[in-house]
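The values are calculated or read from the model by the stated rules, or taken from the named source; none is laboratory data. Computed from a predicted structure; not experimentally measured. Heads up, the Cβs are rebuilt from the backbone with ideal geometry, glycines too, and the neighbour counts pull from every protein chain shown.
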Amino acid sequence: MLRARKILLLAVALTVPIIGLCSAPQMKLLPLQDKSTEAATQFNTAIDYLNEKDFAEAVVWFRKAAENRLAVAQYNLAVAYDLGAGVEQDAKKAVFWYRKAALQNDPDAQVLLAICLHNGDGVERNFDEAEKWFKRAAGLGSADAQYQISLYYIEGRAVPKDYVQAYVFLSMAAAQGDSDAGELKEALSKKMSPEQIAEGKRRLE
């Protein structure tokens with residue numbers, strides 16, 4: 001699972017450790033099994049170069065596949081720009097390619113695009129748009145996104161403050177093994193009424 005670092009909102013008010021905001025993107029390294037398209041062949045060539053530690057040449061082939069609209073290649077190219085791996089670091093280009101992959105429903109790209117929007121990295125800070133991408137990724141099952149959007153509901157950032165909905169998203173993330181989500185859910189529960197907790201459990205049914 002991609003581990004995008006958490007957003008610092010009101011976690012400190014809930015007596016949980018302060019968690020800073022910094023993305024830790026990781027490329028997707030598994031070759032594609034379906035090799036029927038030119039883009040898939042280009043992507044697998046890039047993976048071969050990565051395995052040889054030739055990052056610059058890998059980026060060349062990721063770009064070819066990305067321009068052929070392969071979402072996973074768009075995501076990896078974004079990560080390359082984000083980290084400066086095989087190419088000069090460029091936050092704006094990272095955002096450009098994260099968005100391309102996000103529009104093709106890559107949940108990891110959606111999370112990292114949302115983090116860029118939240119933090120104003122390579123793009124103008126926009127909490128409303130960040131919330132939308134976190135929510136889309138959460139709906140696709142991303143535990144990272146489920147955790148992050150819960151913090152928006154806890155604070156009331158870009159959405160109305162709603163501990164019940166935060167509880168729901170934290171429960172979903174915790175069920176996937178996210179220990180941070182489990183810890184925050186426990187802390188949040190102490191600030192909720194029994195009726196609110198019951199409603200949260202009902203929404204999870």
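Do the conditions hold for Lys135, that is, is it buried (at least 18 other Cβ atoms within 10 Å of the Cβ), part of a helix (DSSP H, G or I), free of Cβ contacts under 8 Å to residues at least 60 places away in the same chain and outside the structural domain of Arg69 (by TED's automatic domain parsing)? For Lys135, the condition - buried (at least 18 other Cβ atoms within 10 Å of the Cβ), part of a helix (DSSP H, G or I), free of Cβ contacts under 8 Å to residues at least 60 places away in the same chain and outside the structural domain of Arg69 (by TED's automatic domain parsing) - is met.
Among the numbered conditions (1) assigned to a loop (DSSP other than H, G, I, E, B); (2) of a type in the set (D, E, K, R); (3) within 26 Å of Tyr81 (Cβ to Cβ), tell me where Lys161 comes up short. Of (1) assigned to a loop (DSSP other than H, G, I, E, B); (2) of a type in the set (D, E, K, R); (3) within 26 Å of Tyr81 (Cβ to Cβ), only one is false for Lys161: (3). Kindly indicate whether any position in region 113-124 is modelled with pLDDT of 95 or more and more than 24 Å from Ala73 (Cβ to Cβ). There is at least one residue in region 113-124 that is modelled with pLDDT of 95 or more and more than 24 Å from Ala73 (Cβ to Cβ). Checking each residue in region 72-130 for being buried (at least 21 other Cβ atoms within 10 Å of the Cβ) and of a type in the set (S, T, N, Q) picks out Gln74, Asn76, Gln110. For region 33-70, filtering for residues that are surrounded by fewer than 19 Cβ atoms within 10 Å (Cβ to Cβ) and in a loop (DSSP other than H, G, I, E, B) leaves 10.
Listed here are the residues, each with its yes/no results for (1) within 28 Å of Leu103 (Cβ to Cβ); (2) assigned by TED's automatic domain parsing to the domain that holds Arg99; (3) of a type in the set (Val, Ile, Thr); (4) in contact with a Cys (Cβ under 9 Å, 6 or more places away or on another chain).
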| residue | (1), (2), (3), (4) |
| --- | --- |
| Gly141 | yes, no, no, no |
| Asp144 | yes, no, no, no |
| Arg157 | yes, no, no, no |
| Pro160 | yes, no, no, no |
| Val168 | yes, no, yes, no |
| Ala174 | no, no, no, no |
| Glu186 | no, no, no, no |
| Ser189 | no, no, no, no |
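Condition (residue is within 30 Å of Lys190 (Cβ to Cβ) and at pLDDT below 95) applied to region 32-44: is it met by at least one residue? Within region 32-44 (the criterion being within 30 Å of Lys190 (Cβ to Cβ) and at pLDDT below 95), the answer is no, since none of the residues qualifies. Looking across region 138-161 at every residue that is in contact (Cβ under 8 Å) with a residue 60 or more places away in the chain and hydrophobic (A, V, I, L, M, F, W, C), the one that is surrounded by the fewest Cβ atoms within 10 Å (Cβ to Cβ) is identified as Leu151.
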